[in-house]
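K.L.:
Structure below; questions to follow.
All of the numbers you see were taken from the coordinates with simple rules; none came from a lab. In this text, all values refer to a predicted model and were calculated from it rather than measured experimentally. Please note: Cβ atoms are built from the backbone with ideal geometry, for glycine as well, and neighbour counts cover all protein chains shown.
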Amino acid sequence: MSQNVSMIRRRASKESLSSGRLRWLAALLAVAGGATLAAGLWWRKNPSPCPYGLRLWVQVPHPIITHSRLKRILEPRPGERLLEIGPGTGYYTMDLAEWIGDGELEILDIQPQMLEHTMRKVRSRGLTNVSSSQADATNLPHPGGSFDAALLVTVFGEIPDGDAALREVHRVLRPGGRLVVGEIAVGDPHFSRLGSLRARARRAGLAPNGHSGFPFAYFARFTKPGLRIPAHEQARNETG
C-alpha cells in the first residue's frame, strides 16, 4: 500500500514538473512572439534600410519573386540603361547587368557597405557595365530622362518618404520608361500591398502596367507616359 502511494506521489511530482516546464515554455514563446510583433510594428512605423550587419537575410532565396519572373516583367533589352535602387548585396544585380549586354546598370544605395559588397561581386564576375552611387532614393543624383527602366525589390517600404522616391523615379525615367517594384510579405515588416502601391504610383505620374505573382509576393510594373525613346538614343540625339 505504502509503495503504491509513493509511486502515485512520484508520478504526480513528475506531472507537476512537466506541467510547470510547459507553462514556462509557453510564457517564453509568448514573450518572444510579443517582442517579434513589437519589433515588426516598430520597423513598419519607422522605415529604414536593412542594416549591413543583417545582410545574410537579403541573400536567402526569394520565392516567387525569382530572377526568371523579374526578367519576364521587366523585359530588359540590350543597350538599355537601368537603375537599381537598393541592390542589397547584389541578389539581382549580376543578372541585370548580363541581360542588358552593352547597356549600363547603375546601382544606388544609401549604405556604402552594401555598394562595396555588390561591386566586389561585380568585379569578381568580370562585369564592366555596372557603376554605383551612394545617395538617397528621394534625391537621385541623375538628370531627368536618364534611364530606360528602374527597379526596387523589397526596398520601397524601407524608404521613409516613398511618395518622394516615386516622384524621383518618374523624373529620371525617359518617356515610356518602366519601373518594376518587387515585394514579398514573408519576413518583411515593410511589405507594401499592391493596391496601395498602385495608388501611390498613379499620384507620382506612373501608370500601372501589369503584375506577376500573388498578393503576398509580386512584381508590379509601371510606365511613365510618353513615346518610348531608348536613353542611349536620346543621349546620342542630344549630342549629335
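K.L.:
Working only within region 78-98, note down all residues that are of a type outside the set (D, E, K, R) and under 19 Å from Arg228 (Cα atoms).
P.N.:
First pass over region 78-98, keeping only residues of a type outside the set (D, E, K, R): 78-79, 82-83, 85-94, 96-97.
Scanning region 78-98 gives Pro78, Gly79, Leu82, Leu83.
K.L.:
Of all residues in region 105-120 being charged (D, E, K, R) and buried (at least 16 other Cβ atoms within 10 Å of the Cβ), which is farthest from Val153 (Cα to Cα)?
P.N.:
First, pick out the residues of region 105-120 that are charged (D, E, K, R): 106, 109, 116, 120.
So of that shortlist, the ones also buried (at least 16 other Cβ atoms within 10 Å of the Cβ) come out as 106, 109.
Numbers: Glu106: 15, Asp109: 12 Å.
Here the answer is Glu106.
K.L.:
Another question, then. Is there a residue in region 123-132 that is surrounded by fewer than 16 Cβ atoms within 10 Å (Cβ to Cβ), part of a helix (DSSP H, G or I) and free of Cβ contacts under 8 Å to residues at least 40 places away in the same chain?
P.N.:
Scanning region 123-132 turns up at least one residue that is surrounded by fewer than 16 Cβ atoms within 10 Å (Cβ to Cβ), part of a helix (DSSP H, G or I) and free of Cβ contacts under 8 Å to residues at least 40 places away in the same chain.
K.L.:
Please work out which one of (1) outside any helix (DSSP H, G or I); (2) closer than 21 Å to Pro225 by Cβ is the condition Glu183 fails and give its number.
P.N.:
(2)
K.L.:
Given the conditions (1) touching a residue at least 24 places away in the same chain (Cβ under 8 Å); (2) closer than 26 Å to Pro63 by Cα, report the number of the one that Arg120 does not fulfil.
P.N.:
(1)
K.L.:
Residue by residue through region 59-106, note down the ones that are among the aromatic types (Phe, Trp, Tyr) and assigned to a loop (DSSP other than H, G, I, E, B).
P.N.:
Of region 59-106, the ones among the aromatic types (Phe, Trp, Tyr) are 91-92, 99.
Listed by number, the residues that qualify are Tyr91, Tyr92.
To keep it simple, each residue is scored yes or no on (1) in contact with a helix residue (DSSP H, G or I) (Cβ under 8 Å, 6 or more places away or on another chain); (2) closer than 29 Å to Pro61 by Cα; (3) in a strand (DSSP E or B).
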| site | (1), (2), (3) |
| --- | --- |
| Ala164 | no, no, no |
| His170 | no, no, no |
| Arg178 | yes, yes, yes |
| His190 | yes, yes, no |
| Ser196 | no, yes, no |
| Arg202 | no, no, no |
| Pro208 | yes, yes, yes |
